[in-house]
Amino acid sequence: MAKRVKALPTPKQEGFLTKELLGQFIRARRTQEGLKMHDVAMLCGISIATLTNIEKAEASVRIDTALHVAQMLGIKIMVEPWQVAHGG
């Protein structure tokens with residue numbers, strides 16, 4: 001019998017997005033969808049080691065790779081507008 005994927009809760013974001021938090025979001029989404037690491041790695045065209053590094057924030061990963069995985073899992077990453085200080 002195949003091992004089932006245990007769904008993890010969506011993490012709370014308080015403050016800035018870090019690589020650790022992005023990894024937690026990706027892992028939570030993957031598990032909530034019932035996808036194994038192998039499934040997502042194949043879907044995204046990356047190795048399981050790269051996906052592990054993203055989820056655990058253990059090593060340097062290219063930002064475009066992490067963003068691609070997030071996009072493939074339906075995770076939207078948005079930048080909030082900010083106020084520009086006008087000098088002079």
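Rule-based calculations on the coordinates, nothing more; no lab input. These figures come from a predicted structure and were not determined experimentally. Here the Cβ positions follow ideal geometry from the backbone for every residue, glycine too, while neighbour counts run over all protein chains shown.
So for the chain, taking the charge dipole from beta-carbon charges (+1 Lys/Arg, -1 Asp/Glu), which of Ala49, Thr31, Thr65 sits furthest toward the positive end? The Cα lying farthest towards the positive end belongs to Thr31.
What is the extension gain from Met42 to Leu8, computed as 0.36 nm multiplied by their sequence separation minus the C-alpha to C-alpha distance, in nm to one decimal? Length difference between fully extended and current span is 10.1 nm.
Computed about its Cα centre, the charge dipole of segment 19-72 is approximately 40 debye, with only Lys, Arg, Asp and Glu carrying charge at their Cβ. Summarising the label geometry, the points placed 7 Å from Cα in the beta-carbon direction at Arg62 and Thr18 lie 2.6 nm from one another. Ordering 5-16, 47-58 by mean Cβ neighbour count within 10 Å, with the highest value first, yields 47-58, 5-16. The P(r) of the chain has a tail past 18 Å containing 46 percent of all C-alpha pairs.
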